[in-house]
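Visitor: Here you go, one structure.
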Amino acid sequence: MPIVSRDDLQRVLGDLDDPKVIDILALDPSLSDLEEAVVVATGNQDLLAKQGHGISPTAARVAEILSADEEDEEEGGAGAGR
């Protein structure tokens, strides 16, 4: 399996901050894992299900990393008016 580089991450996932890049590269994902993670992170996991294709554990973890900022913003935004 080819090694995924930082350039591959940027091409498939877009601009990411360094901690996310490090966390994702530590998982040793394939390009397929990255592509699946994008599908899941954008809320389109039903596309994979319709194809009879489940998400790999690595892709699921990448999707969690990608969506971590969104979850933090939602939590922080809820208490901002206090």
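The values are calculated or read from the model by the stated rules, or taken from the named source; none is laboratory data. This one's a predicted model, so the numbers in the text were calculated from it and none came from an experiment. Here Cβ is always computed from backbone atoms with ideal geometry, including for glycine, and neighbour counts include all displayed protein chains.
Visitor: Among the residues of segment 48-58, which ones are part of a helix (DSSP H, G or I), surrounded by 12 or more Cβ atoms within 10 Å (Cβ to Cβ) and out of contact with any Gly (no Cβ under 8 Å at 6 or more places or on another chain)?
Guide: So the first thing to find is which residues in segment 48-58 are part of a helix (DSSP H, G or I), and the list is 48-50, 57-58.
Next cut, surrounded by 12 or more Cβ atoms within 10 Å (Cβ to Cβ) only: 48, 58.
Once the filter is applied, which keeps residues that are part of a helix (DSSP H, G or I), surrounded by 12 or more Cβ atoms within 10 Å (Cβ to Cβ) and out of contact with any Gly (no Cβ under 8 Å at 6 or more places or on another chain), segment 48-58 yields only THR58.
Visitor: Something else now. May I ask you to verify whether ASP15 is at pLDDT below 95 and outside any loop (DSSP other than H, G, I, E, B)? Give the derivation first.
Guide: Details: at pLDDT below 95: yes; outside any loop (DSSP other than H, G, I, E, B): no.
Criteria not met by ASP15.
Visitor: Follow-up. Can you pull out the residues in segment 36-47 that are surrounded by fewer than 16 Cβ atoms within 10 Å (Cβ to Cβ) and assigned to a helix (DSSP H, G or I)?
Guide: ASP46, LEU47
Visitor: I'm told GLY81 meets every condition in (1) modelled with pLDDT under 75; (2) in a helix (DSSP H, G or I); (3) not aromatic (Phe, Trp, Tyr) except one. Can you identify the failing condition by its number?
Guide: (2)
Visitor: What are the residues in segment 19-30 that are surrounded by 14 or more Cβ atoms within 10 Å (Cβ to Cβ) and either in a helix (DSSP H, G or I) or in contact (Cβ under 8 Å) with a residue 60 or more places away in the chain (or both), if any?
Guide: Within segment 19-30, the subset surrounded by 14 or more Cβ atoms within 10 Å (Cβ to Cβ) is 20-21, 23-25, 27, 29-30.
If the condition is that a residue be surrounded by 14 or more Cβ atoms within 10 Å (Cβ to Cβ) and either in a helix (DSSP H, G or I) or in contact (Cβ under 8 Å) with a residue 60 or more places away in the chain (or both), then LYS20, VAL21, ASP23, ILE24, LEU25 are the ones that fit.
Visitor: Let me ask something else about it. Go through segment 1-18 and give me each residue that's under 11 Å from the mean Cα position of the chain (by Cα) and either aliphatic (A, V, I, L, M) or surrounded by 13 or more Cβ atoms within 10 Å (Cβ to Cβ) (or both). Break it down into steps so the answer makes sense when it comes.
Guide: Initially, segment 1-18 is screened for residues under 11 Å from the mean Cα position of the chain (by Cα), giving 9, 12-14, 16.
LEU9, VAL12, LEU13, LEU16 - these are the residues of segment 1-18 that are under 11 Å from the mean Cα position of the chain (by Cα) and either aliphatic (A, V, I, L, M) or surrounded by 13 or more Cβ atoms within 10 Å (Cβ to Cβ) (or both).
Visitor: Also, I was wondering about something else. List the pairs whose first member sits in segment 36-54 and is within 17 Å of ALA68 (Cα to Cα), whose second member is among the hydroxyl-bearing types (Ser, Thr, Tyr) and surrounded by fewer than 17 Cβ atoms within 10 Å (Cβ to Cβ), and whose Cβ atoms are under 6 Å apart, counting only residues at least 6 apart or on separate chains?
Guide: Note: pairs meeting the criteria are ALA41/SER67.
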